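Here is the structure we will look at, set down as C-alpha coordinates.
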Ligand SMILES: CC(C)(COP(=O)(O)OP(=O)(O)OC[C@H]1O[C@@H](n2cnc3c(N)ncnc32)[C@H](O)[C@@H]1OP(=O)(O)O)[C@@H](O)C(=O)NCCC(=O)NCCS
(Lines give C-alpha, C1' and ligand atoms only; values in the text may rest on other atoms or scores of the structure.)
Protein backbone atom coordinates (compact mmCIF):
# COMPACT_ATOMS: atom_id res chain seq x y z
CA UNK A 1 0.00 0.00 0.00
CA UNK A 2 1.09 3.57 -0.71
CA UNK A 3 1.29 6.13 2.12
CA UNK A 4 -1.53 8.69 2.10
CA UNK A 5 -0.97 12.20 3.38
CA UNK A 6 -3.37 15.04 4.05
CA UNK A 7 -1.30 17.75 2.38
CA UNK A 8 -3.82 20.61 2.51
CA UNK A 9 -7.11 21.39 4.26
CA UNK A 10 -9.42 24.39 4.55
CA UNK A 11 -12.89 25.35 5.79
CA UNK A 12 -15.04 28.45 5.91
CA UNK A 13 -16.71 29.99 8.95
CA UNK A 14 -19.57 27.75 10.02
CA UNK A 15 -22.93 29.39 10.79
CA UNK A 16 -25.01 31.18 8.20
CA UNK A 17 -23.45 31.38 4.72
CA UNK A 18 -24.36 33.94 2.08
CA UNK A 19 -22.65 31.75 -0.57
CA UNK A 20 -24.55 28.91 -2.17
CA UNK A 21 -23.30 25.43 -1.36
CA UNK A 22 -21.54 25.06 -4.69
CA UNK A 23 -19.79 28.45 -4.34
CA UNK A 24 -18.63 27.71 -0.78
CA UNK A 25 -17.42 24.23 -1.75
CA UNK A 26 -15.38 25.58 -4.67
CA UNK A 27 -13.80 28.31 -2.49
CA UNK A 28 -12.64 25.98 0.30
CA UNK A 29 -11.47 23.43 -2.28
CA UNK A 30 -9.21 25.98 -3.96
CA UNK A 31 -7.84 27.03 -0.56
CA UNK A 32 -7.08 23.41 0.38
CA UNK A 33 -5.43 22.71 -3.00
CA UNK A 34 -3.22 25.81 -2.64
CA UNK A 35 -2.35 24.84 0.97
CA UNK A 36 -1.09 21.53 -0.45
CA UNK A 37 1.16 23.41 -2.87
CA UNK A 38 -0.85 22.06 -5.81
CA UNK A 39 -2.95 23.48 -8.63
CA UNK A 40 -6.48 22.30 -9.47
CA UNK A 41 -5.10 20.50 -12.54
CA UNK A 42 -3.20 18.15 -10.17
CA UNK A 43 -6.46 16.78 -8.74
CA UNK A 44 -7.38 13.44 -10.30
CA UNK A 45 -10.74 12.83 -8.59
CA UNK A 46 -13.18 14.82 -6.45
CA UNK A 47 -15.09 13.01 -3.70
CA UNK A 48 -18.01 15.20 -2.63
CA UNK A 49 -20.50 14.98 0.20
CA UNK A 50 -23.68 17.03 0.25
CA UNK A 51 -26.54 15.09 1.87
CA UNK A 52 -29.12 17.82 1.67
CA UNK A 53 -28.25 19.51 -1.63
CA UNK A 54 -31.87 19.01 -2.63
CA UNK A 55 -32.75 21.70 -0.04
CA UNK A 56 -31.01 24.06 -2.49
CA UNK A 57 -32.60 22.21 -5.45
CA UNK A 58 -29.14 21.01 -6.43
CA UNK A 59 -27.94 17.42 -6.63
CA UNK A 60 -24.82 16.17 -8.46
CA UNK A 61 -22.75 19.10 -7.24
CA UNK A 62 -19.34 17.52 -8.04
CA UNK A 63 -19.19 18.60 -11.70
CA UNK A 64 -20.20 22.15 -10.68
CA UNK A 65 -17.39 22.36 -8.12
CA UNK A 66 -14.87 20.97 -10.61
CA UNK A 67 -16.06 23.40 -13.29
CA UNK A 68 -15.55 26.33 -10.88
CA UNK A 69 -12.04 24.99 -10.22
CA UNK A 70 -11.34 24.94 -13.96
CA UNK A 71 -11.16 21.13 -14.10
CA UNK A 72 -14.55 20.11 -15.58
CA UNK A 73 -13.07 16.94 -17.08
CA UNK A 74 -12.02 15.54 -13.67
CA UNK A 75 -14.37 12.80 -12.42
CA UNK A 76 -16.40 13.26 -9.24
CA UNK A 77 -18.85 11.28 -7.14
CA UNK A 78 -21.09 12.13 -4.22
CA UNK A 79 -20.70 9.94 -1.13
CA UNK A 80 -23.59 9.86 1.35
CA UNK A 81 -23.42 8.44 4.86
CA UNK A 82 -25.60 10.91 6.79
CA UNK A 83 -23.53 12.99 9.27
CA UNK A 84 -20.43 10.89 8.47
CA UNK A 85 -20.57 11.64 4.74
CA UNK A 86 -17.31 13.54 4.32
CA UNK A 87 -15.32 11.10 6.47
CA UNK A 88 -16.78 8.34 4.26
CA UNK A 89 -15.62 10.39 1.25
CA UNK A 90 -12.16 10.69 2.87
CA UNK A 91 -12.13 6.91 3.30
CA UNK A 92 -12.88 6.46 -0.41
CA UNK A 93 -10.08 8.87 -1.33
CA UNK A 94 -7.73 7.06 1.07
CA UNK A 95 -8.52 3.66 -0.48
CA UNK A 96 -7.87 4.99 -3.99
CA UNK A 97 -4.56 6.66 -3.10
CA UNK A 98 -3.36 3.81 -0.86
CA UNK A 99 -4.20 1.33 -3.61
CA UNK A 100 -2.19 3.28 -6.18
CA UNK A 101 -5.23 4.23 -8.30
CA UNK A 102 -4.86 7.98 -7.67
CA UNK A 103 -1.98 10.29 -6.69
CA UNK A 104 -4.02 13.33 -5.60
CA UNK A 105 -7.68 13.55 -4.66
CA UNK A 106 -9.94 16.28 -3.34
CA UNK A 107 -12.51 15.57 -0.60
CA UNK A 108 -15.08 18.31 -0.09
CA UNK A 109 -18.19 18.44 2.08
CA UNK A 110 -20.80 21.16 2.05
CA UNK A 111 -24.24 21.85 3.51
CA UNK A 112 -26.56 24.82 3.41
CA UNK A 113 -29.82 24.64 5.34
CA UNK A 114 -30.05 27.97 7.17
CA UNK A 115 -32.84 29.16 4.87
CA UNK A 116 -35.07 26.46 6.41
CA UNK A 117 -37.16 26.71 9.58
CA UNK A 118 -36.07 24.47 12.49
CA UNK A 119 -39.12 22.24 11.92
CA UNK A 120 -38.30 21.58 8.25
CA UNK A 121 -34.59 21.12 8.93
CA UNK A 122 -35.44 18.68 11.74
CA UNK A 123 -37.60 16.58 9.43
CA UNK A 124 -34.94 16.63 6.70
CA UNK A 125 -32.30 15.44 9.18
CA UNK A 126 -34.61 12.70 10.50
CA UNK A 127 -34.35 11.05 7.07
CA UNK A 128 -30.93 9.82 8.22
CA UNK A 129 -32.64 7.62 10.83
CA UNK A 130 -34.86 4.60 10.05
CA UNK A 131 -37.77 6.41 8.41
CA UNK A 132 -40.32 3.59 8.65
CA UNK A 133 -39.76 2.84 12.33
CA UNK A 134 -38.36 6.07 13.79
CA UNK A 135 -38.90 9.29 11.81
CA UNK A 136 -42.43 8.43 10.57
CA UNK A 137 -43.45 7.86 14.18
CA UNK A 138 -42.19 11.25 15.27
CA UNK A 139 -38.63 10.48 16.36
CA UNK A 140 -36.19 13.33 15.71
CA UNK A 141 -32.43 13.42 16.30
CA UNK A 142 -32.76 15.35 19.57
CA UNK A 143 -35.35 12.72 20.62
CA UNK A 144 -33.19 9.75 19.61
CA UNK A 145 -30.07 11.09 21.35
CA UNK A 146 -32.23 11.93 24.39
CA UNK A 147 -33.12 8.22 24.48
CA UNK A 148 -29.40 7.34 24.49
CA UNK A 149 -28.76 9.96 27.20
CA UNK A 150 -31.52 8.69 29.48
CA UNK A 151 -30.31 5.07 29.06
CA UNK A 152 -26.76 6.18 29.99
CA UNK A 153 -28.05 8.15 32.99
CA UNK A 154 -30.10 5.19 34.19
CA UNK A 155 -27.25 2.66 33.85
CA UNK A 156 -24.26 4.76 34.95
CA UNK A 157 -25.77 7.60 36.97
CA UNK A 158 -24.56 10.21 34.45
CA UNK A 159 -25.50 13.68 35.73
CA UNK A 160 -26.75 16.80 33.92
CA UNK A 161 -23.77 18.73 35.38
CA UNK A 162 -21.42 16.24 33.69
CA UNK A 163 -23.09 16.67 30.30
CA UNK A 164 -23.00 20.40 31.04
CA UNK A 165 -19.23 20.22 31.51
CA UNK A 166 -18.94 18.92 27.93
CA UNK A 167 -21.01 21.85 26.63
CA UNK A 168 -19.08 24.46 28.65
CA UNK A 169 -15.72 23.06 27.49
CA UNK A 170 -16.73 22.93 23.81
CA UNK A 171 -18.10 26.48 23.84
CA UNK A 172 -14.84 27.58 25.54
CA UNK A 173 -12.76 25.87 22.83
CA UNK A 174 -14.91 27.36 20.06
CA UNK A 175 -14.33 30.84 21.50
CA UNK A 176 -10.75 30.48 20.22
CA UNK A 177 -11.79 29.20 16.80
CA UNK A 178 -12.50 31.79 14.10
CA UNK A 179 -14.25 29.08 12.01
CA UNK A 180 -16.78 28.33 14.77
CA UNK A 181 -20.53 28.96 14.57
CA UNK A 182 -20.65 30.04 18.24
CA UNK A 183 -17.67 31.95 19.63
CA UNK A 184 -19.02 32.92 23.03
CA UNK A 185 -18.15 30.92 26.17
CA UNK A 186 -21.04 29.80 28.39
CA UNK A 187 -21.20 29.03 32.11
CA UNK A 188 -22.59 25.91 33.73
CA UNK A 189 -25.48 28.05 35.05
CA UNK A 190 -26.35 29.12 31.49
CA UNK A 191 -26.33 25.45 30.53
CA UNK A 192 -28.45 24.30 33.46
CA UNK A 193 -31.01 27.07 32.93
CA UNK A 194 -31.30 26.57 29.17
CA UNK A 195 -34.57 25.47 27.58
CA UNK A 196 -35.49 21.79 27.53
CA UNK A 197 -35.40 20.37 23.97
CA UNK A 198 -35.99 16.63 24.48
CA UNK A 199 -35.62 15.43 28.07
CA UNK A 200 -32.95 15.14 29.43
CA UNK A 201 -31.32 17.25 26.69
CA UNK A 202 -31.41 21.05 26.88
CA UNK A 203 -30.58 23.71 24.30
CA UNK A 204 -26.87 23.65 25.17
CA UNK A 205 -26.69 19.87 24.84
CA UNK A 206 -27.50 20.21 21.14
CA UNK A 207 -25.43 21.13 18.11
CA UNK A 208 -26.97 23.90 16.02
CA UNK A 209 -28.07 23.77 12.40
CA UNK A 210 -25.08 25.25 10.58
CA UNK A 211 -24.14 26.01 7.00
CA UNK A 212 -20.53 25.33 6.07
CA UNK A 213 -17.95 23.81 3.77
CA UNK A 214 -14.64 22.02 4.34
CA UNK A 215 -12.10 20.45 2.01
CA UNK A 216 -9.13 18.12 2.34
CA UNK A 217 -6.49 17.22 -0.25
CA UNK A 218 -4.92 13.77 0.01
CA UNK A 219 -1.84 12.77 -1.91
CA UNK A 220 0.61 9.97 -2.44
CA UNK A 221 3.79 11.61 -1.04
CA UNK A 222 6.02 9.52 -3.33
CA UNK A 223 4.54 11.61 -6.15
CA UNK A 224 4.11 14.98 -4.41
CA UNK A 225 6.61 15.00 -1.51
CA UNK A 226 8.75 17.86 -2.85
CA UNK A 227 5.81 20.18 -3.44
CA UNK A 228 4.18 20.02 0.00
CA UNK A 229 4.82 23.38 1.71
CA UNK A 230 3.73 22.84 5.35
CA UNK A 231 3.41 20.00 7.82
CA UNK A 232 1.27 17.12 6.61
CA UNK A 233 -0.90 14.59 8.42
CA UNK A 234 -0.17 11.01 7.45
CA UNK A 235 -3.32 8.87 7.50
CA UNK A 236 -2.21 5.88 9.56
CA UNK A 237 -5.73 4.42 9.79
CA UNK A 238 -8.95 4.85 7.86
CA UNK A 239 -11.62 2.56 9.27
CA UNK A 240 -15.38 2.37 8.86
CA UNK A 241 -18.03 0.21 10.45
CA UNK A 242 -21.79 -0.12 10.46
CA UNK A 243 -24.50 -1.30 12.81
CA UNK A 244 -28.27 -1.74 13.07
CA UNK A 245 -29.68 1.72 12.35
CA UNK A 246 -32.87 1.78 14.43
CA UNK A 247 -32.47 2.17 18.18
CA UNK A 248 -35.34 -0.19 18.98
CA UNK A 249 -33.45 -3.11 17.42
CA UNK A 250 -30.23 -2.58 19.38
CA UNK A 251 -29.51 -4.71 22.44
CA UNK A 252 -27.79 -1.84 24.31
CA UNK A 253 -28.43 1.90 24.16
CA UNK A 254 -25.35 2.96 26.15
CA UNK A 255 -22.79 2.50 23.35
CA UNK A 256 -22.62 2.83 19.55
CA UNK A 257 -21.41 -0.53 18.19
CA UNK A 258 -20.22 0.97 14.87
CA UNK A 259 -17.98 3.42 16.75
CA UNK A 260 -16.50 0.64 18.86
CA UNK A 261 -15.76 -1.51 15.83
CA UNK A 262 -14.36 1.33 13.72
CA UNK A 263 -12.22 2.45 16.68
CA UNK A 264 -10.82 -1.05 17.27
CA UNK A 265 -10.04 -1.45 13.56
CA UNK A 266 -8.37 1.97 13.42
CA UNK A 267 -6.13 1.42 16.46
CA UNK A 268 -5.09 -1.94 15.01
CA UNK A 269 -4.32 -0.43 11.58
CA UNK A 270 -2.32 2.46 13.06
CA UNK A 271 -0.59 0.21 15.61
CA UNK A 272 -1.24 2.70 18.42
CA UNK A 273 -3.47 2.75 21.51
CA UNK A 274 -5.72 5.49 22.96
CA UNK A 275 -2.80 6.50 25.23
CA UNK A 276 -0.76 7.54 22.15
CA UNK A 277 -3.39 10.01 20.88
CA UNK A 278 -2.60 13.67 21.70
CA UNK A 279 -6.08 15.00 20.86
CA UNK A 280 -9.32 13.82 19.27
CA UNK A 281 -12.12 15.41 17.32
CA UNK A 282 -15.24 13.34 18.05
CA UNK A 283 -18.85 13.46 16.92
CA UNK A 284 -20.58 15.45 19.68
CA UNK A 285 -23.85 16.25 17.88
CA UNK A 286 -25.26 16.14 21.41
CA UNK A 287 -23.20 16.21 24.62
CA UNK A 288 -24.08 12.57 25.35
CA UNK A 289 -22.53 11.65 21.98
CA UNK A 290 -19.14 12.97 23.15
CA UNK A 291 -19.41 10.86 26.30
CA UNK A 292 -20.31 7.77 24.25
CA UNK A 293 -17.38 8.45 21.88
CA UNK A 294 -14.87 8.72 24.75
CA UNK A 295 -16.05 5.33 26.01
CA UNK A 296 -16.58 3.60 22.64
CA UNK A 297 -13.05 4.55 21.50
CA UNK A 298 -11.52 3.15 24.69
CA UNK A 299 -10.31 6.43 26.20
CA UNK A 300 -12.43 5.66 29.30
CA UNK A 301 -14.20 2.60 30.73
CA UNK A 302 -18.01 2.64 30.55
CA UNK A 303 -19.53 5.14 32.92
CA UNK A 304 -16.24 6.99 33.55
CA UNK A 305 -16.12 9.51 30.69
CA UNK A 306 -18.74 11.95 31.98
CA UNK A 307 -17.13 12.34 35.44
CA UNK A 308 -13.75 12.76 33.66
CA UNK A 309 -15.19 15.58 31.56
CA UNK A 310 -16.39 17.30 34.72
CA UNK A 311 -12.88 16.99 36.20
CA UNK A 312 -11.46 18.81 33.14
CA UNK A 313 -9.57 15.82 31.71
CA UNK A 314 -10.92 16.47 28.18
CA UNK A 315 -9.93 20.18 28.13
CA UNK A 316 -7.25 21.46 25.71
CA UNK A 317 -4.66 21.23 28.51
CA UNK A 318 -6.16 18.09 30.08
CA UNK A 319 -4.85 14.54 29.91
CA UNK A 320 -7.21 13.56 27.03
CA UNK A 321 -8.08 16.65 24.94
CA UNK A 322 -11.37 16.16 23.10
CA UNK A 323 -12.95 18.51 20.55
CA UNK A 324 -10.36 21.26 20.83
CA UNK A 325 -12.06 22.93 17.82
CA UNK A 326 -15.30 23.37 19.80
CA UNK A 327 -16.77 20.22 18.27
CA UNK A 328 -20.11 19.95 16.55
CA UNK A 329 -21.69 21.43 19.67
CA UNK A 330 -20.12 24.85 19.26
CA UNK A 331 -18.03 24.92 16.09
CA UNK A 332 -21.24 23.77 14.36
CA UNK A 333 -22.55 20.83 12.37
CA UNK A 334 -23.17 21.38 8.65
CA UNK A 335 -23.72 17.64 8.32
CA UNK A 336 -21.78 16.85 5.13
CA UNK A 337 -18.88 19.19 5.96
CA UNK A 338 -18.37 17.91 9.52
CA UNK A 339 -16.01 14.96 8.88
CA UNK A 340 -13.77 17.03 6.61
CA UNK A 341 -13.79 19.92 9.11
CA UNK A 342 -12.52 17.59 11.83
CA UNK A 343 -9.51 16.91 9.57
CA UNK A 344 -9.04 20.66 9.02
CA UNK A 345 -8.59 20.94 12.80
CA UNK A 346 -5.96 18.17 12.74
CA UNK A 347 -4.16 19.97 9.91
CA UNK A 348 -4.23 23.33 11.74
CA UNK A 349 -3.09 21.76 15.03
CA UNK A 350 -0.22 19.86 13.35
CA UNK A 351 0.87 23.08 11.62
CA UNK A 352 0.73 25.01 14.91
CA UNK A 353 -1.97 27.37 13.58
CA UNK A 354 -4.64 26.75 16.25
CA UNK A 355 -3.99 29.87 18.34
CA UNK A 356 -5.67 29.84 21.77
CA UNK A 357 -6.85 26.26 21.32
CA UNK A 358 -3.42 24.89 20.29
CA UNK A 359 -2.55 21.52 21.82
CA UNK A 360 1.10 21.34 22.93
CA UNK A 361 3.21 19.70 20.18
CA UNK A 362 0.68 17.08 19.00
CA UNK A 363 2.07 14.07 17.10
CA UNK A 364 -1.01 11.85 16.88
CA UNK A 365 -4.69 12.78 16.39
CA UNK A 366 -7.93 10.88 15.95
CA UNK A 367 -11.20 11.82 14.21
CA UNK A 368 -14.49 10.01 14.93
CA UNK A 369 -17.50 10.82 12.77
CA UNK A 370 -20.88 9.14 13.29
CA UNK A 371 -23.67 8.73 10.73
CA UNK A 372 -27.04 9.48 12.36
CA UNK A 373 -27.36 7.52 15.64
CA UNK A 374 -24.54 5.18 14.66
CA UNK A 375 -25.75 3.23 11.63
CA UNK A 376 -22.31 4.14 10.27
CA UNK A 377 -19.08 5.48 11.72
CA UNK A 378 -15.59 6.42 10.50
CA UNK A 379 -12.44 6.63 12.60
CA UNK A 380 -9.25 8.11 11.15
CA UNK A 381 -5.88 8.28 12.92
CA UNK A 382 -3.22 10.76 11.80
CA UNK A 383 0.50 11.12 12.50
CA UNK A 384 2.28 14.45 12.10
CA UNK A 385 4.93 14.50 9.35
C1 LIG B 1 -31.72 22.90 19.65
C2 LIG B 1 -32.59 23.42 18.52
C3 LIG B 1 -33.95 22.71 18.54
C4 LIG B 1 -32.78 24.93 18.71
O5 LIG B 1 -33.55 25.40 17.64
P6 LIG B 1 -34.56 26.66 17.84
O7 LIG B 1 -35.27 26.48 19.15
O8 LIG B 1 -35.37 26.79 16.60
O9 LIG B 1 -33.57 27.83 18.02
P10 LIG B 1 -33.42 29.13 17.10
O11 LIG B 1 -32.79 28.74 15.79
O12 LIG B 1 -34.75 29.82 17.06
O13 LIG B 1 -32.41 29.99 17.92
C14 LIG B 1 -32.75 30.60 19.16
C15 LIG B 1 -31.48 31.06 19.84
O16 LIG B 1 -30.76 29.91 20.33
C17 LIG B 1 -29.48 29.84 19.70
N18 LIG B 1 -29.27 28.43 19.39
C19 LIG B 1 -29.94 27.67 18.49
N20 LIG B 1 -29.49 26.41 18.54
C21 LIG B 1 -28.52 26.37 19.49
C22 LIG B 1 -27.69 25.36 19.97
N23 LIG B 1 -27.79 24.12 19.48
N24 LIG B 1 -26.80 25.64 20.94
C25 LIG B 1 -26.72 26.90 21.44
N26 LIG B 1 -27.50 27.93 21.01
C27 LIG B 1 -28.38 27.65 20.04
C28 LIG B 1 -29.58 30.68 18.45
O29 LIG B 1 -28.31 31.19 18.08
C30 LIG B 1 -30.52 31.77 18.91
O31 LIG B 1 -29.79 32.69 19.70
P32 LIG B 1 -30.14 34.27 19.66
O33 LIG B 1 -31.56 34.36 20.15
O34 LIG B 1 -29.12 34.87 20.59
O35 LIG B 1 -29.98 34.67 18.23
C36 LIG B 1 -31.88 23.17 17.13
O37 LIG B 1 -30.65 23.86 17.12
C38 LIG B 1 -31.65 21.68 16.90
O39 LIG B 1 -32.57 20.92 16.59
N40 LIG B 1 -30.40 21.23 16.97
C41 LIG B 1 -30.06 19.83 16.68
C42 LIG B 1 -29.71 19.67 15.22
C43 LIG B 1 -29.59 18.23 14.85
O44 LIG B 1 -30.40 17.38 15.21
N45 LIG B 1 -28.56 17.88 14.10
C46 LIG B 1 -28.29 16.52 13.70
C47 LIG B 1 -27.58 15.81 14.77
S48 LIG B 1 -27.34 14.11 14.43
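The values are calculated or read from the model by the stated rules, or taken from the named source; none is laboratory data. Predicted model only: the values in this text are computed from it and were never measured. So basically every Cβ, Gly included, is an ideal-geometry build from the backbone, and we count neighbours across all protein chains shown.
Check off (1) touching a strand residue (DSSP E or B) at 6+ places or on another chain (Cβ under 7 Å); (2) part of a helix (DSSP H, G or I) for residue 121 and give me the number that stays unchecked.
For residue 121, the exception is condition (1).
Is one or more of the residues making up segment 162-172 in the same structural domain as residue 327 (by TED's automatic domain parsing), within 9 Å of the ligand (Cβ to nearest atom), over 23 Å from residue 248 (Cβ atoms) and crowded, with 17+ Cβ neighbours inside 10 Å?
Yes, some residue in segment 162-172 is in the same structural domain as residue 327 (by TED's automatic domain parsing), within 9 Å of the ligand (Cβ to nearest atom), over 23 Å from residue 248 (Cβ atoms) and crowded, with 17+ Cβ neighbours inside 10 Å.
Within segment 1-115, which helices (runs of 4 or more DSSP H) (wholly inside it) include 3 or more residues that are in contact (Cβ under 8 Å) with a residue 40 or more places away in the chain and touching a strand residue (DSSP E or B) at 6+ places or on another chain (Cβ under 8 Å)?
The helices (runs of 4 or more DSSP H) meeting that bar are 21-35, 85-98.
Quick check: anything in segment 279-298 in the same structural domain as residue 374 (by TED's automatic domain parsing), in a helix (DSSP H, G or I) and surrounded by fewer than 21 Cβ atoms within 10 Å (Cβ to Cβ)?
Among the residues of segment 279-298, not one is in the same structural domain as residue 374 (by TED's automatic domain parsing), in a helix (DSSP H, G or I) and surrounded by fewer than 21 Cβ atoms within 10 Å (Cβ to Cβ), which makes the answer no.
Would you call residue 149 within 16 Å of the ligand (Cβ to nearest atom) and either touching a strand residue (DSSP E or B) at 6+ places or on another chain (Cβ under 7 Å) or assigned to a helix (DSSP H, G or I) (or both)?
It is true that residue 149 is within 16 Å of the ligand (Cβ to nearest atom) and either touching a strand residue (DSSP E or B) at 6+ places or on another chain (Cβ under 7 Å) or assigned to a helix (DSSP H, G or I) (or both).
Within segment 235-252, track down each residue that is buried (at least 17 other Cβ atoms within 10 Å of the Cβ) and either touching a strand residue (DSSP E or B) at 6+ places or on another chain (Cβ under 6 Å) or over 30 Å from residue 152 (Cβ atoms) (or both).
Scanning segment 235-252 gives 235, 236, 237, 238, 239, 240, 241.
Among the residues of segment 114-124, is there at least one that is at pLDDT 95 or above, over 16 Å from residue 328 (Cβ atoms) and more than 14 Å from the ligand (Cβ to nearest atom)?
Within segment 114-124, none of the residues are at pLDDT 95 or above, over 16 Å from residue 328 (Cβ atoms) and more than 14 Å from the ligand (Cβ to nearest atom).
So that you can scan it fast, the table gives a plain yes or no per residue for (1) at negative phi; (2) surrounded by 24 or more Cβ atoms within 10 Å (Cβ to Cβ); (3) out of contact with any strand residue (DSSP E or B) (no Cβ under 7 Å at 6 or more places or on another chain); (4) assigned by TED's automatic domain parsing to the domain that holds residue 86:
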residue: 176; (1), (2), (3), (4): yes, no, yes, no
residue: 186; (1), (2), (3), (4): yes, no, yes, no
residue: 190; (1), (2), (3), (4): yes, no, yes, no
residue: 198; (1), (2), (3), (4): yes, no, yes, no
residue: 204; (1), (2), (3), (4): yes, yes, yes, no
residue: 214; (1), (2), (3), (4): yes, yes, no, yes
residue: 220; (1), (2), (3), (4): yes, no, yes, yes
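Looking at segment 267-295, which of its residues are free of Cβ contacts under 8 Å to residues at least 40 places away in the same chain and closer than 30 Å to residue 143 by Cα?
Residue satisfying the conditions is 294 alone.
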